[in-house]
Amino acid sequence: MVITLLVTTFVVAFAVATLVVLIFNKPIDSILRQVLPAELCPAWAKYLRFAIYVVGIGGGVRVWDLEKYLTAQEPYNAIVPLTGERWLLELYQTIIGTLQSITIMLLAFFVFALIAVVIVRIFEKRPSKSPAVNAVVSETDRELLSVKN
């Protein structure tokens, strides 16, 4: 019965992670296109989707929590029975755990992406070297060349 619960929580966590990937697919792609070169975007997007699955399943399938259905627990030294109510509670905890884990990961991604977008925009608005600076550099180069000769 515990193995069935483990497999069921895995399937539910995988389904929730898939739903999150489908919802956030376009925002992830558009943010990565603004921050990274075009040839790197698909690889980073694929990695981020993989991370959503790993973090979501890891947060949703709580293997250490299923121990209470296998060994006697304090204070009564009894094994907790797997009733219908327990199944429902475990599935609810799986959904919430999956969403919490993915939310923390995506929040970190979006914060760092926002910082990267701001940095990119600052450097885009930065003025290029003015002609006067180029003229000074050119004059200095001429002086150095004349000294060497």
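A compact table of results
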{"item": "Stokes-Einstein D (µm²/s) once Rh is taken as the Kirkwood radius of segment 57-107 over alpha-carbon pairs, at 37 °C in 0.692 mPa s", "result": "271 µm²/s"}
{"item": "Anisotropy class of segment 1-86 from Cα gyration tensor, a/c 1.5 cut", "result": "prolate"}
{"item": "Low-density loop positions, GluC sites (Glu not before Pro), segment 18-115 - DSSP coil, at most 11 other Cβ in 10 Å", "result": "Glu39"}
{"item": "Among Tyr47, Val118, Val61 the positive-end extreme of the charge dipole of segment 2-148 (Cβ point charges)", "result": "Val118"}
{"item": "Kirkwood Rh in Å, taken over the chain so that all alpha-carbon pairs contribute", "result": "19.7 Å"}
{"item": "Segment 1-45 - Rg over Rh from alpha carbon coordinates, Kirkwood radius", "result": "1.28"}
{"item": "Helix 41-60 axis, angle to the chain major axis (alpha carbon atoms, nearest 10°)", "result": "30 degrees"}
{"item": "Sequence-separation-based contact order of the chain, relative, with Cα cut under 8 Å and 6+ spacing, percent", "result": "30 percent"}
{"item": "Charge sum, other residues only, whose C-beta stays under 14 Å from Leu36's C-beta, Lys/Arg counted +1 and Asp/Glu -1", "result": "0"}
{"item": "5 angstrom amide H check on Gln73, placed H, neighbours 5+ away", "result": "Ala78, Ile79, Val80"}
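Read-outs: derived from the displayed coordinates by stated rules, not from any lab. Worth saying up front: this structure is predicted, and the values here are computed from it rather than measured. No Cβ is skipped: glycine too gets one built from the backbone with ideal geometry, and neighbour counts run over all protein chains shown.
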